[in-house]
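So the structure is just underneath, and the comments pick up after that.
What follows draws every value from the coordinates through simple rules; no lab data is involved. What you are looking at is a predicted structure, and each value in this text was computed from that prediction instead of being measured. Counting neighbours? That spans all protein chains shown, and the Cβs are built from the backbone with ideal geometry, glycine included.
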Protein chains: 2
Amino acid sequence: MTPKEKKQYEARAKILKALAHPTRLWIARQLSDGEHCVCEFVDAVDVDFSTVSKHLTVLKEAGIVESEKRGKQVYYRLKIPCVLKFMECIDAVIQAQILEQSDLL
Amino acid sequence: MTPKEKKQYEARAKILKALAHPTRLWIARQLSDGEHCVCEFVDAVDVDFSTVSKHLTVLKEAGIVESEKRGKQVYYRLKIPCVLKFMECIDAVIQAQILEQSDLL
DNA sequence: AAAACATTTGGTTATTTTACCAAAAAAGAA
DNA sequence: TTCTTTTTTGGTAAAATAACCAAATGTTTT
């Protein structure tokens with residue numbers, strides 16, 4: 001791994017890491033049908049306001065979402081929609097695991 | 001988020017998390033051209049034997065790679081190759097970040 | 001201007017992750 | 001069998017993450 005490669009993989013891992021949390025992944029999924037404000041997530045997720053806000057900050061700093069303040073609310077939207085394509089592949093991994101488990105019986 | 005959804009997103013996040021490390025992402029990439037043994041990674045990555053081994057265990061437990069012992073060596077290979085498709089999208093995120101930064105000048 | 005609302009920030013604590021070293025295990029070579 | 005070689009496991013310390021509460025910020029509404 002050259003120093004250049006190392007930097008490149010660090011940058012990539014940072015983005016993956018931003019998505020690698022159940023709540024953040026769920027949020028990203030919700031944003032696939034258009035923008036939502038923070039309060040909508042808070043209602044749905046059952047964690048503290050501040051926790052949701054911090055998750056959104058992580059996604060934003062990773063460059064996955066962008067936000068816009070309109071009135072009292074802040075609206076978030078997906079910046080790079082392809083992140084949702086991850087889901088299919090991830091589910092293939094899960095599916096393979098389930099199959100293996102049933103093979104053991 | 002229903003309890004079922006919650007479990008689902010936790011399982012998905014677990015798999016993403018396994019990939020969300022520079023070394024592990026690099027390893028996954030190397031495996032795209034076929035299997036490699038642990039020692040090959042150790043030579044290339046410049047971390048301890050045990051560290052590489054633990055990274056491989058993380059990938060294995062996530063169901064992303066599988067391993068086979070032949071002789072003294074243990075060979076790892078990608079189990080679900082689509083994980084590599086992540087890379088394209090991740091790079092799109094990085095590309096967008098770079099573009100934005102240059103817009104600021 | 002004061003009150004109410006939506007969101008972010010700062011601080012704290014508990015948990016998880018990562019890396020290293022040393023030691024154990026497994027297989028082959030001498 | 002004893003000595004290497006390859007990989008995993010256990011232990012430990014440092015760093016990163018995640019959740020909560022309380023306080024601060026910025027915007028409307030009264």
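Here is the short version for chain B: B:Cys37, B:Cys39 have no other Cys C-beta closer than 4.7 Å. Taking the label point 7 Å along Cα→Cβ, B:Ala44 and its counterparts in the other copies are spaced 4.0 nm apart, in ascending order.
How fast does region B:1-44 diffuse by Stokes-Einstein, in µm²/s, taking the Kirkwood radius from C-alpha pairs at 10 °C and 1.306 mPa s? D = 129 µm²/s. Taking 0.36 nm per residue of separation and subtracting the Cα-Cα distance, full extension of the segment from B:Gln95 to B:Cys82 would add 2.6 nm. For the rotational copy relationship between A and B, the axis lies nearest to a chain A beta carbon, identified with its distance in whole angstrom as A:Ala20, 2.
For chain B, just run the numbers: alpha carbon Rg, then divide by 2.2 N^0.38 Å, N being how many residues it has.
Output field value: 1.29.
Hydrophobic long helices, here whole DSSP H runs in chain B with Kyte-Doolittle means of at least 0.0 and Cα atoms spread over 27 Å or more along the helix axis, are found at B:85-103.
Our summary of shape: the Cα atoms of the protein assembly as shown have principal axis extents of 66, 53, 24 Å, ordered from largest down, in whole angstrom.
For the peptide B:90-103, the mean number of other protein chain Cβ atoms found within 10 angstrom of a residue's Cβ is 5. Distances, shortest first, from the label point of A:Arg70 to those at the same position in the other copies read 5.9 nm; the point lies 7 Å along Cα to C-beta. Across the cross-link table entries A:Lys60/B:Lys17; A:Lys4/B:Lys72; A:Lys7/B:Lys54; A:Lys60/B:Lys7; A:Lys17/B:Lys72, which are compared at the Cα atoms, the separations over 28 Å belong to A:Lys4/B:Lys72; A:Lys17/B:Lys72. Between copies, the label points of A:Gln95, set 7 Å from Cα on the Cα→Cβ line, lie 2.8 nm apart, reported in increasing order to one decimal in nanometres.
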